[in-house]
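Have a look at the structure below before the remarks.
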Amino acid sequence: MTTETAAVPASRFDRARLLAWLQDYGVYAAIAALILVNIAITPRFLTLENLRTQLVQVAPVVIVSFGMALVIGTEGVDLSVGSVMALTTALIPLYLGYGVVPAVVAGLLGGVAVGLVNGSLVAFVGVQPIVATLALFVGGRGIALVVAGGQLKDVHDQTLLDLGSSSLAGIPLPVVVAAVLTVVVMAVVRRTTFGRRLVAIGGNRTASELSGLPVRRVLLLVYVVSGLLAAVAGTLATARLQASDPSSLGLLMELSAITAVVVGGTPLNGGRVRVLGTVAGALLIQLVRATLIKHDLADSIAQMVQAVIILAAVYAARGAGRR
Amino acid sequence: MSVPDEEGPLLEVSGVVKRFTGVLALDRVSLELAPGEVHALVGENGAGKSTLIKVITGVYRPDEGTMRLAGRPAEFAGPLEAQRAGIQAVHQEIGLVPALSVARNLLLGREPRRRFGTLDVGRMHREAGEILASYGIDVDVRRPLRSLGVGVQQMVALARAVSVDARVVVMDEPTSSLEPREVETLFGVVRRLRERAVSVIYVSHRLDELYRICDGVTVLRDGRVVHQGPLAELDRLRLVSLMLGRPVADVRQGGVTRFSGGHDAARETPVVEASGLTRRHVLDDVSVAIRPGEVVGLGGLLGAGRTETAKAIAGALPLDGGRVTVAGTPLRRGSAAAAIRAGVALLPEDRKAEGVIGTLSVRENIALAALPRLSRAGLVSEARIDRIVDTFMRRLRIKAAGPHQRVAELSGGNQQKVLLARWLATEPKILLLDEPTRGIDVGAKAEVQALIDELAEDGLGVLLISADLEELVEGSDRVVVLKDGAVVGELSGGDLTEERVMTTIADAGGGTP
């Protein structure tokens with residue numbers, strides 16, 4: 001083996017290392033570069049108001065992406081997160097009459113229920129994650145529209161609206177929630193048996209089974225967590241928009257979340273979860289869109305740029321994986 | 001029809017070399033197949049059998065060497081070309097369409113048609129019935145294939161393969177999922193093929209079958225032909241010793257391995273008792289008991305059921321019958337977690353696919369199975385993990401840049417030690433070691449062997465599976481010999497020699513009546 005490594009030209013070896021570095025830290029470098037570019041070319045970029053707006057907009061994406069990162073860590077995917085947001089926003093106004101707490105709990109339970117269905121299909125029936133979650137990707141929004149009677153409803157409850165618009169020590173509440181969840185999810189991944197087991201299962205399911213890990217229970221739980229986090233994001237988004245619109249809330253959210261996770265350096269074939277990378281991935285995409293919008297470029301261009309970023313991330317992951 | 005025009009071999013493979021990324025899989029292998037000859041191809045894991053088959057059936061192109069079919073040079077760009085030339089393979093995976101009827105499957109792609117291209121169902125059923133009847137297979141051709149047993153499905157696949165003008169048929173472990181009655185039918189088909197001068201390459205580990213049906217034999221080991229000739233002139237013991245790579249005359253007494261041997265455990269009560277382990281086509285009433293401080297070896301050829309026995313004890317193989325008790329308590333069947341809690345540890349055969357988790361660090365790989373005892377209320381205790389990881393990395397002398405190095409970057413021997421550490425961290429009562437020294441370097445091998453010894457002396461029960469006969473005999477206090485999924489003998493004390501293991505395998509009556 002050593003002789004073979006020696007025979008490989010040094011440049012190729014360096015390329016693999018460069019790609020591995022890119023997978024791990026490329027996203028941070030890209031954010032730094034983008035911020036510098038914006039400082040140079042975008043007027044009023046470095047204002048407090050602009051930063052607040054950017055962070056408030058990205059918070060729900062970050063929260064959903066955490067659930068997605070955990071699922072992808074098990075070598076799965078959760079396509080239903082956008083529909084969960086729709087279901088949550090449809091449920092909340094129905095129960096607002098009982099008070100904010102019951103309404104939010106009902107919204108979150110909707111996410112848990114979707115997660116239970118997804119997780120059961122994946123863990124116990126053995127359906128492929130992409131197919132299992134596709135069912136509620138399609139059906140979840142349908143259910144949400146039926147629940148809401150197909151209507152956009154304004155939300156007037158002040159306590160709920162405060163969730164979206166009030167601040168804690170000058171930091172908008174959705175951002176605070178995302179920041180707290182960042183710490184929590186990092187702790188879950190690093191310090192809990194659940195976190196250890198889910199990356200092990202994603203890394204090698206057979207070995208995990210032979211090592212006596214409760215594979216099915218972990219898989220079930222991971223989809224429940226993903227559903228719950230999507231519901232949290234749905235609640236915050238409802239509060240911020242001051243309306244319940246199940247036909248549009250969370251549309252394409254699954255793609256944003258997958259992009260954030262992959263760009264953040266979590267490999268699609270599981271075995272690893274990068275929490276801070278996921279935050280950075282979501283921030284990067286937010287910055288790209290904001291930059292292009294500020295300079296009056298069409299949304300379609302933002303989408304193309306997003307595509308290029310995804311391809312770059314996947315390319316880096318492939319090269320790094322070949323080490 | 002398919003008889004070659006001139007005398008001479010039907011298939012001639014000469015000097016075939018095949019390399020995979022520098023590893024020599026086939027080293028100048030030659031093979032001649034006379035028309036109508038049934039030729040046994042045998043060898044243990046990694047001998048090169050499947051590579052040779054893939055070269056013959058056009059899946060791989062040889063790096064060197066040539067093939068001739070009926071005297072003409074044969075060079076196949078892919079399996080389809082090989083099939084067109086008349087080389088058919090029947091694999092364990094059947095490769096037919098389960099939802100279609102037997103007749104459709106049999107005639108797939110060449111169904112009889114009426115004038116306007118519609119299917120002539122009546123004629124199709126008649127023809128299919130005739131083909132199957134000519135091989136002595138009695139089945140309703142209108143039934144969907146999936147409604148039939150695996151054995152009959154395999155027969156249909158075989159009939160399909162040979163009815164399309166086959167000249168050479170490769171059968172890879174054709175009887176592994178057949179009932180005894182179906183095996184007889186298969187042999188009937190093989191005899192008919194022989195009468196029609198179709199040659200057969202027959203891959204199997206079941207000695208009785210080989211001696212019943214095969215004319216010639218080629219024994220492969222480490223990619224080389226170690227024996228070739230008529231099977232009738234090769235006695236069973238020689239064949240077994242050739243496959244295992246241990247010349248009968250050259251069995252050394254003691255020596256290279258690092259086992260001290262002789263653990264005094266005879267009087268203790270068994271820590272593990274497996275009785276009547278049964279799984280269709282795999283295990284047939286296997287019973288093994290292991291006492292604390294004892295190393296019990298499992299002997300036998302490839303496919304004899306050694307790995308399956310270990311997996312069954314560890315709760316990792318669904319069983320049709322049998323029970324496992326650990327320290328007197330019966331284990332819940334089919335639960336690896338329950339077995340681990342009771343103190344059973346299985347070091348699996350395939351280190352990469354079933355053992356290490358390559359994306360994780362050495363540390364996390366070691367802690368994996370012992371997580372329940374290294375955590376409280378779902379929270380992992382980093383300090384306890386650090387302690388355990390440190391202890392085992394030192395005790396097993398795991399060579400890594402540090403506990404946080406990714407396990408995929410370690411050498412095979414060190415990966416194996418990481419897995420051993422994973423299991424020792426669970427404080428097991430019994431260690432099931434499936435090929436613990438395969439594919440690791442000599443130094444690590446000696447260390448692992450010494451460790452097995454040491455663990456047994458500490459009172460652990462050990463089940464040792466090894467294709468290395470010397471390792472098996474010197475490492476074990478007792479060897480249970482398996483054949484075709486059943487226990488055929490037990491050797492200990494003065495009887496425990498490499499030669500006796502081989503004679504036990506060779507002399508045992510087959511499972512097929």
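The values are calculated or read from the model by the stated rules, or taken from the named source; none is laboratory data. Please read these numbers as outputs of a predicted model, since none were measured by experiment. Note that each Cβ is placed from the backbone with ideal geometry, even for glycine, and that neighbours are counted across all protein chains shown. Please note that ligands, DNA and RNA were not included when accessible areas were found on the heavy atoms of the full protein model with its side chains. Shrake-Rupley method; radii C 1.70, N 1.55, O 1.52, S 1.80 Å.
Given a Förster distance of 51 Å, report the FRET efficiency between B:GLU64 and B:ALA401 from their Cβ-Cβ distance, rounded to the nearest 0.05. Each step should come with its number before you reach the end.
On the way: r = 40 Å, r/R0 = 0.79.
It comes out at approximately 0.80.
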- Message: Running a GNM on chain A with Cα contacts under 10 Å, which residue among A:THR278, A:THR235, A:THR291 ends up with the highest mean-square fluctuation?
- Response: A:THR291
- Which residues qualify? For B:ALA70, with a placed amide H closer than 5 Å and at least 5 residues away or on another chain, they are B:LEU11, B:GLU12
- Query: Mean Kyte-Doolittle of at least -1.0 and a Cα length of 20 Å or more along the axis: which whole DSSP H helices of chain A meet both?
  - Reply: A:10-41, A:48-73, A:81-95, A:100-120, A:129-147, A:173-191, A:215-241, A:275-294, A:299-321
- Under a GNM of chain A (C-alpha, springs under 10 Å), which listed residue has the highest mean-square fluctuation: A:GLY202, A:GLY82, A:GLY227? A:GLY202
- Proximal charge balance of B:SER411 [Cβ under 10 Å; K/R count +1, D/E count -1]: 0
- Message: I'd like the orientation of helix B:442-457 relative to chain B: the angle between its Cα long axis and the longest Cα principal axis, in ° from 0 to 90, rounded to 10.
- Response: 60 degrees
- Item | Derived scalar couplings ³J(HN,Hα) [the stretch B:14-19; Karplus, 6.51 cos²θ - 1.76 cosθ + 1.60; whole Hz; x for Gly, Pro] | 10, x, 6, 10, 9, 10
- Message: Positive end of the dipole of the protein assembly as shown, charges at C-beta (+1 Lys, Arg; -1 Asp, Glu), about the Cα centre: which of B:LEU451, A:ILE63, A:LEU34 has its Cα farthest in that direction?
- Response: A:LEU34
- Message: With the crude spin-label approximation of a point 7 Å out along Cα→Cβ, what separation in nm comes out for A:LEU36 versus A:ASN269?
- Response: 3.4 nm
- Query: According to the Kirkwood expression over distinct Cα-Cα pairs, how big is the hydrodynamic radius of the protein assembly as shown, in Å?
  - Reply: 30.9 Å
- Query: In deg cm²/dmol and to the nearest 500, what is the mean residue ellipticity at 222 nm of the protein assembly as shown if only DSSP H runs of at least 4 residues count, each as -39500 (n - 2.57), divided by the residue total?
  - Reply: -15500 deg cm²/dmol
- Query: Could you name the aspartates and glutamates in cross-link range of B:LYS18, using Cα to Cα under 17 Å and dropping any fewer than eight places away on the same chain?
  - Reply: B:ASP27, B:ASP63, B:GLU64, B:GLU75, B:ASP222
- Task: Taking 20 Å² as the minimum loss, tell me which residues in the stretch B:347-367 lose that much accessible area going from the chain by itself to the full protein complex (1.4 Å probe).
- Result: B:ALA353, B:GLU354, B:ILE357, B:THR359, B:LEU360, B:GLU364
- How do B:485-494, A:28-37, B:198-207 rank on mean C-beta neighbours within 10 Å, highest first? B:198-207, B:485-494, A:28-37
- Message: Can you compute the equivalent ellipsoid semi-axes for the stretch B:116-198, i.e. the square root of 5 times each eigenvalue of the Cα gyration tensor, sorted largest first and rounded to whole Å?
- Response: 22, 17, 11
- Query: Measuring from label point to label point, each 7 Å out along Cα→Cβ, what is the B:ASP138 to A:ALA16 span in nm?
  - Reply: 6.1 nm
- Task: Hey, for a label at B:SER411 modelled as a point 7 Å past Cα toward Cβ, could you say which residues of the stretch B:424-453 have their backbone N under 18 Å away?
- Result: B:436-451
- Query: Which peptide among B:126-134, B:418-426 comes first, and what is the full order, when sorted by highest mean count of other Cβ atoms within 10 Å?
  - Reply: B:418-426, B:126-134
- Mind checking the full-extension length gain between B:LEU108 and B:ARG192? Use 0.36 nm per residue of separation minus the Cα-Cα distance, one decimal, nm. 28.0 nm
- From largest accessible area down, sort A:SER167, B:SER476; use a 1.4 Å probe on the protein chains. A:SER167, B:SER476
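Hey, which of these cross-link pairs are over 19 Å Cα-Cα: B:LYS54/B:LYS352; B:LYS311/B:LYS352; B:LYS399/B:LYS445; B:LYS417/B:LYS483; B:LYS54/B:LYS483? Please report the intermediate quantities before stating the final value.
Working: B:LYS54/B:LYS352 24 Å; B:LYS311/B:LYS352 17 Å; B:LYS399/B:LYS445 14 Å; B:LYS417/B:LYS483 30 Å; B:LYS54/B:LYS483 27 Å.
Pairs exceeding the cut-off: B:LYS54/B:LYS352; B:LYS417/B:LYS483; B:LYS54/B:LYS483.
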- For the stretch A:38-127, how big is the tail of P(r) above 23 Å, as a whole percent of Cα pairs? 45 percent
- Query: Which percent of Cα pairs goes in each bin when the distances of the stretch B:272-507 are cut into 10 angstrom slices starting at zero?
  - Reply: 8, 33, 36, 19, 4, 0
- Message: If R₀ is 35 angstrom, what is the calculated FRET efficiency for the pair B:GLU130 and B:GLU179, using the beta carbon separation as r and rounding to 0.05?
- Response: 0.90
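Total Å² of accessible surface buried at the B-A contact, 1.4 Å probe, nearest 100?
1900 Å²
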- Message: Give me the Å³ per residue figure for the convex hull around the C-alpha atoms of the stretch B:11-250.
- Response: 135 Å³
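Which order do the peptides B:461-468, B:324-331, A:214-221 take when ranked by the mean count of other beta-carbon atoms within 10 Å per residue, highest first?
With the highest mean Cβ count within 10 Å placed first, the list reads B:461-468, A:214-221, B:324-331.
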- Item | Surface accessible to a 1.4 Å probe, B:VAL90 within the full protein complex, Å² | 10 Å²
- Query: Averaged per residue, what accessible area in Å² does the stretch A:184-323 show with a 1.4 Å probe, protein chains only?
  - Reply: 40 Å²
- Task: Report, to the nearest whole %, how much of the accessible area of the protein assembly as shown belongs to carbon and sulfur atoms, 1.4 Å probe, protein only.
- Result: 56 percent
- Task: Find the accessible area per residue for chain B; the probe is 1.4 Å, ligands and nucleic acids are left out, and the unit is Å².
- Result: 42 Å²
- Within the set of other residues whose C-beta is less than 14 Å from the C-beta of A:VAL225, count the net charge using Lys and Arg as +1 and Asp and Glu as -1. +1
- In whole Å, largest first, the alpha carbons of the stretch A:31-321 cover along the principal axes 57, 50, 35
- Query: How much of the DSSP beta bridge set in the stretch B:272-507 is antiparallel, as a percent to the nearest 5?
  - Reply: 55 percent
- Using the Cβ atoms and a cut-off under 9 Å, what net charge is assigned to the surroundings of B:GLY36, where Lys and Arg are +1 and Asp and Glu are -1? -1
- Whenever you get a sec, line up B:ASP458, B:ASP27, B:ASP63 from highest to lowest accessible area (probe 1.4 Å, protein heavy atoms). B:ASP458, B:ASP63, B:ASP27
- Per-pair calculated FRET efficiency, R0 = 60 Å: A:ARG52 and B:THR329 via Cβ, rounded to 0.05: 0.45
- Run the quick spin-label model on B:ARG387 and B:ARG28: label points 7 Å from Cα toward the beta carbon, then report their separation in nm to one decimal. 6.1 nm
- Query: GNM, chain A, Cα, under 10 Å: largest mean-square fluctuation among A:GLY111, A:GLY250, A:GLY164?
  - Reply: A:GLY164
